[in-house]
Structures are given as C-alpha cells and as structure tokens.
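The values are calculated or read from the model by the stated rules, or taken from the named source; none is laboratory data. Given the structure is predicted, the values throughout are model-derived calculations rather than measurements. Using ideal geometry, Cβ is built from the backbone for each residue, glycine included, and neighbour counts are taken over all protein chains shown.
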Amino acid sequence: MKRQFWFALKSLIVLACLLTLWHFAVIALNIPKYILPGPYPVAMAVKDRLPDLLNSLLLTTEAAAMGLAGSVVAGVAVALIFAQWRALRQLLFPYTILLQTVPIVAIAPLIIMWAGSGIYPVALIAFIICLAPIIANTTQGLISVEENLLHLFLMHNATRMQVLFKLRLPNAMPNLFVGIRISSGIAVVGAIVGELFASSSRVGVGGLGYAITYASAQLETDYLFALVLAATVLGFAFFFIGMFLEWYFLHNWHESNRSDIPE
Amino acid sequence: MVSPKAQNAVAEVAIDGVSKQFRSGALALRNISMHVEKGEFVSLLGPSGCGKSTLLKLVSGLTQPTSGAIKVKGITPVQARELMSFIFQDATLLPWRTVEQNVGLGLELEHTARQIRKEKVARMLELVGLTHVATRFPRQLSGGMKMRVSIARALVSRPRILLLDEPFAALDEMSRDRLNEELLRLYTEHHWTVLFVTHSVAEAVFLSKRIVILAPHPGRIAHVVPVELPWPRTAELRLTPAYEHEVARISRLLRSVQTAQSEASEGGIA
C-alpha cells in the first residue's frame, strides 16, 4: 500500500513538472494560442465548454461500447463455430487476419457512405476494428484444451455440447479477456475514426471525433486539446474496465490473477 | 438363463491378442492377452515405452486396438464406460471449478439431479477427508490434495472398475504412501476391479494381487507374477522382510527385462 502511494506521488510530481514546463515554454517562446495553447487555457476550455465536452464524450462512449460489446458477442460466436469445425476454421481463419490488417481509416469513409450517418455506422467501425482480436484469442483458448481433460469428459460420455460449454468455453475465458483487453483500447480509436467521417445532425454537436474536426477547422486549439485529453482518458477507462472485468471473473482460479487487486 | 459357471467364465476385463500400432507406424503393443478377474487388483509395471499407459487407454476405450479384442464385462469398452473410472497421472482438475464442483463433474455430465448430486459429493468428500476444502479452488491445494480430489471424482459415480495411470508419480514419497494406504482401504471396502499402471516396484508390490511386467519395443507381456503377501495389507507391511523380499524379486524380474532390451539394441547396432 505504502509503495503504491509513493509510486502514485512520484507520477504526479512528474506530471506537475511537465505541466509547469509546458506553461512557461509557451510564454517564453511566445507561441500564439491557436498553435499551442498553454495548460491554463486548455483547463479554461474544459471548464467553459463542459456540457459540450461531456456530450461528445458520452456519444463516443456509447458508440465504442456498442462496437466492443457487439464484437465480443459476435467474436465468441464465430470462435465457437471455428472450434467445432476444423475444416471451416482452416478455411476462414486467414480472413479474420484481414479484419486486423485493413486500414480502418481508409474504409471508414466507405462504411459511412454505405451505412449513413449517426451512431450505428460509428459503432460498426469500432466493431470491425475490435472483432479480430476477440476471434483469434477466443479460438485459441477453445482449441487448446489439455488432452487428459478431454479424455475425462469422454469417459463420462459427454456430448459435444457439454465438451464445448463445460470444458472449452471456460478454458477459453482467460484468452477471451486478453482479446477484450486489446479490443477495449482500440474500440475508442475505432469510434473516433468513424466520427471523423460521419457527419452530424446538428452543427457543432457530435462525438469526440466530430468535435475534433470541427474544433480544428475553427482553430479552437484549446478546446481541441481538451477533446484529445478526453479521448485519451476514455481509452484508458475502457482499458481499465476490461482489466477489472478480467480480474473479477478470473481472480478466483486463474494463475495470472494471483494478486488481490487489479494491477 | 445363464449358468453360474458361464457367468464366471466372463472375465471382468478380457484382453485377447491385442496389438496397437500408432499412426506414426510405431508398434506400441504386440499381441497382448490377459484376463483380469472380478475384484482383482492388477498392476502393469514396466520401463517407459512399454505401452502400459496405451494398454490402459485401450481398456477405457479412449483409443481402439489395431487388432485383437477387448471386452469389459463381456461388452465393448465404450459401452462399459459407465462402469469404469479413469484416474490420470496429473489430477486433471478443472481449475475454474471448486473442489466440490470438480468432484460432481461426472454426475453433472450424466444429468444426475442436483439434490442427489450434492448429497453424493458431500458423502464422498467426507470419505476422502476433503470436506474442509470443499469450496476451495484447485490452485489453492497441494499436489497430494489435488490427487485426492481426483480420486473422489472417480469414485463418486460408483464405478466397478478403476483404471489408474501412474496416479501418484508426481507426488513425494510420503504423500504417495499415504494415498496408497487409503486406496487399499477403499479397495477392501468396495471390491473394485483395478488396473493400476506404475513404474514403482514398491507401489506395485504393496497394492497388487498380481503384477504384469511389460517389456518395451514393442510392448509385450514379459512376466505375470502373483504377489505373495497376505491381506489385508497395512502400512506395517512395508517394514516386514516378506515385503522386502517381494520387492527384490520383482525388481530383479524388471531389471532382466530392461537388460534384455539393452542387449538386444546393442546387438542391433552391431
């Protein structure tokens, strides 16, 4: 506990130093506010436009959460099918890698063009970017079951479904959470990329991605900084929630979660 | 109407002319024939590569013989699975289940009603002295405790035949001795038919009525030796000269198998 306190304190001191440096650098070098605002104008922008900021944050959170949740449901379903039919897995698995390698920034405009504006196309982009890690990790966990455990189930004349849901799926839980951890960070990135291209129903109101393009076009650089800050915090929050869920579901039995607090 | 004589004629486990060739082409077992009587405790002893674990997997129906036939109570191993329990070398517990959930696994897979399952599991945990760790997870247990859970899981479905594949190989000697004694105690109470794979002579002598010594490359039966020690057997037996004598006798036989093998392989090189 004491060590963690000192660790936190040291991190905060580093942050304070960086903010001070930033503050005086902007003044000393006489940089205009629209190119690089100091920490104080950014803080003021947060304070003055808090309702707008929270609104954007909420919209992006919704889209990212929808995409991530959808990718978990769909990814686990695909993995379950892959685990059951080896031939199908070998046939289609390479294509799930395409999901990961396709540049999301390049296909985002296409998806917006096909699916229109609004929250759902944005969630769809987050979904696409999240899907591959979930499928790959969960499939890995489903198919790498210890042979003796499989034999144990066979000795009890277990059905295919019993093997799948009482052995393979629990065995894949640690892998699924690795997938969720990877996807939780990129879900926010996916949603913001989507919003960069999605138009909004009302001028000046939209998710973080939309607000970022708008603020940069208006040269509201201080607000732009506030938005970037919010996006970073949101990504971190998603990642942390993923970690917490992993700890919550696995800490009782899994070796990787021996400690009593999330790391 | 089957006459008593005909019933006796059906061995509990009948292995007749069984050979097993792996897909790689290696011959694991060649022409194995042995019968195990009801209530008999038979150990399969031999150096590594003699196919003793493969033989056990064949009896359990987890793999099929290349030629020959195996009958368990006169039916095929797969049909007879409900009568058999398999205890693996590692405890092979499901790490996400508590001790009691692990013990209840078989009953759960066989759709035993929850209430009956709970009662049976509780009784079994008491029998093997695990009641105090019923709600723990496997990773919180020592190796010996895990093995106990594994045994409890095998016994809870009331098997008639027990197949054990080097169950205590990974344990320290003290835990191994204690579990041997406990296994014997349960055996004398329940009169299972037991096939026990081991590479420990002392363990085989202490537990068995009969020891089958296998020779490797390819796996074949080298000796069938009845153990000439009185029943019931207790921990004190290990301290008697008769026991030492039996261990020495079996060790010599086992060594002769290994020497013959190394001479044969040297001859092959020359």
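Quick one: is B:ALA169 closer than 22 Å to B:LYS57 by Cβ, touching a Lys or Arg at 6+ places or on another chain (Cβ under 9 Å), touching a residue at least 24 places away in the same chain (Cβ under 8 Å) and aliphatic (A, V, I, L, M)?
yes
Name every residue in the range B:58-79 that is within 12 Å of another protein chain (Cβ to nearest Cβ) and touching a residue at least 60 places away in the same chain (Cβ under 8 Å), in order of residue number.
Scanning the range B:58-79 gives B:VAL59, B:SER60.
Kindly establish whether B:MET34 is touching a residue at least 60 places away in the same chain (Cβ under 8 Å), closer than 29 Å to B:LEU171 by Cβ and within 14 Å of chain A (Cβ to nearest Cβ).
no
Filter the range B:111-149 down to the residues that are in contact with a Ser or Thr (Cβ under 7 Å, 6 or more places away or on another chain), within 12 Å of chain A (Cβ to nearest Cβ) and surrounded by 13 or more Cβ atoms within 10 Å (Cβ to Cβ) and list them by number.
B:ARG136, B:PHE137
Working only within the range A:154-174, note down all residues that are among the polar types (S, T, N, Q) and more than 7 Å from chain B (Cβ to nearest Cβ).
Residues satisfying the conditions are A:THR159, A:ASN171.
Can you tell me which of (1) out of contact with any Lys or Arg (no Cβ under 7 Å at 6 or more places or on another chain); (2) more than 30 Å from B:TRP96 (Cβ to Cβ) is the one A:ASP222 doesn't meet?
Unmet condition: (1).
Determine, yes or no, whether A:ARG181 is more than 14 Å from chain B (Cβ to nearest Cβ), farther than 16 Å from B:PRO95 by Cβ and either free of Cβ contacts under 8 Å to residues at least 24 places away in the same chain or basic (Lys, Arg) (or both).
Against the criterion (more than 14 Å from chain B (Cβ to nearest Cβ), farther than 16 Å from B:PRO95 by Cβ and either free of Cβ contacts under 8 Å to residues at least 24 places away in the same chain or basic (Lys, Arg) (or both)), A:ARG181 qualifies.
What number of residues within the range A:1-35 are touching a residue at least 40 places away in the same chain (Cβ under 8 Å) and either among the charged types (D, E, K, R) or touching a helix residue (DSSP H, G or I) at 6+ places or on another chain (Cβ under 6 Å) (or both)?
So the answer is 2.
Pick from the range B:80-110 the residues that are more than 10 Å from chain A (Cβ to nearest Cβ) and surrounded by fewer than 19 Cβ atoms within 10 Å (Cβ to Cβ): which of them is modelled with the highest pLDDT?
B:GLN101
Can you tell me which residue within the range B:150-169, out of those that are within 13 Å of chain A (Cβ to nearest Cβ) and touching a Gly at 6+ places or on another chain (Cβ under 9 Å), is surrounded by the fewest Cβ atoms within 10 Å (Cβ to Cβ)?
So the residue we want is B:SER157.
When the residues of the range A:34-67 are narrowed to those that are part of a helix (DSSP H, G or I) and of a type in the set (Ser, Thr, Tyr), which ends up farthest from A:LEU131 (Cα to Cα)?
A:TYR40
Residues are listed down the side, and each one gets a yes or a no for (1) at pLDDT 90 or above; (2) in a helix (DSSP H, G or I); (3) more than 14 Å from chain B (Cβ to nearest Cβ):
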| position | (1), (2), (3) |
| --- | --- |
| A:SER216 | no, yes, yes |
| A:ALA226 | yes, yes, yes |
| A:ALA231 | yes, yes, yes |
| A:LEU234 | yes, yes, yes |
| A:PRO262 | no, no, yes |
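Just give me the residues in the range B:206-244 being under 16 Å from B:THR188 (Cα atoms), within 19 Å of the chain's Cα centre (by Cα) and in contact (Cβ under 8 Å) with a residue 40 or more places away in the chain, in sequence order.
Selection gives B:LEU207, B:SER208, B:LYS209, B:ARG210, B:ARG233.
Looking at the range A:236-255 only, could you name the residues that are surrounded by fewer than 19 Cβ atoms within 10 Å (Cβ to Cβ) and within 14 Å of another protein chain (Cβ to nearest Cβ)?
Selection gives A:TYR248, A:PHE249, A:LEU250, A:HIS251, A:ASN252, A:HIS254, A:GLU255.
Look through the range B:217-236, keep the residues that are aliphatic (A, V, I, L, M) and assigned to a loop (DSSP other than H, G, I, E, B), and return whichever of them is nearest to B:ILE32 (Cα to Cα).
Only one residue fits best here, namely B:VAL227.
Could you please let me know if B:ARG136 is of a type in the set (D, E, K, R), closer than 11 Å to B:VAL99 by Cβ and at pLDDT below 90?
no
Looking only at the range A:124-153, which residues are facing chain B (nearest Cβ under 9 Å) and assigned to a helix (DSSP H, G or I)?
Within the range A:124-153, A:ASN148, A:LEU149, A:HIS151, A:LEU152, A:PHE153 meet the criteria.
Of the numbered conditions (1) within 30 Å of A:LEU167 (Cα to Cα); (2) crowded, with 16+ Cβ neighbours inside 10 Å; (3) at pLDDT 90 or above, A:GLU146 satisfies every one except a single condition; which is it?
Against the list (1) within 30 Å of A:LEU167 (Cα to Cα); (2) crowded, with 16+ Cβ neighbours inside 10 Å; (3) at pLDDT 90 or above, A:GLU146 comes up short only on (2).
Among the residues of the range A:68-91, write down those that are free of Cβ contacts under 8 Å to residues at least 40 places away in the same chain, part of a helix (DSSP H, G or I) and either surrounded by 17 or more Cβ atoms within 10 Å (Cβ to Cβ) or among the hydrophobic types (A, V, I, L, M, F, W, C) (or both).
Once the filter is applied, which keeps residues that are free of Cβ contacts under 8 Å to residues at least 40 places away in the same chain, part of a helix (DSSP H, G or I) and either surrounded by 17 or more Cβ atoms within 10 Å (Cβ to Cβ) or among the hydrophobic types (A, V, I, L, M, F, W, C) (or both), the range A:68-91 yields A:ALA69, A:VAL73, A:ALA77, A:ILE81, A:ALA87, A:LEU88, A:LEU91.
Among (1) at pLDDT 90 or above; (2) part of a loop (DSSP other than H, G, I, E, B); (3) more than 18 Å from A:ARG168 (Cα to Cα), there is one condition A:SER117 misses while meeting the rest; what is its number?
(1)
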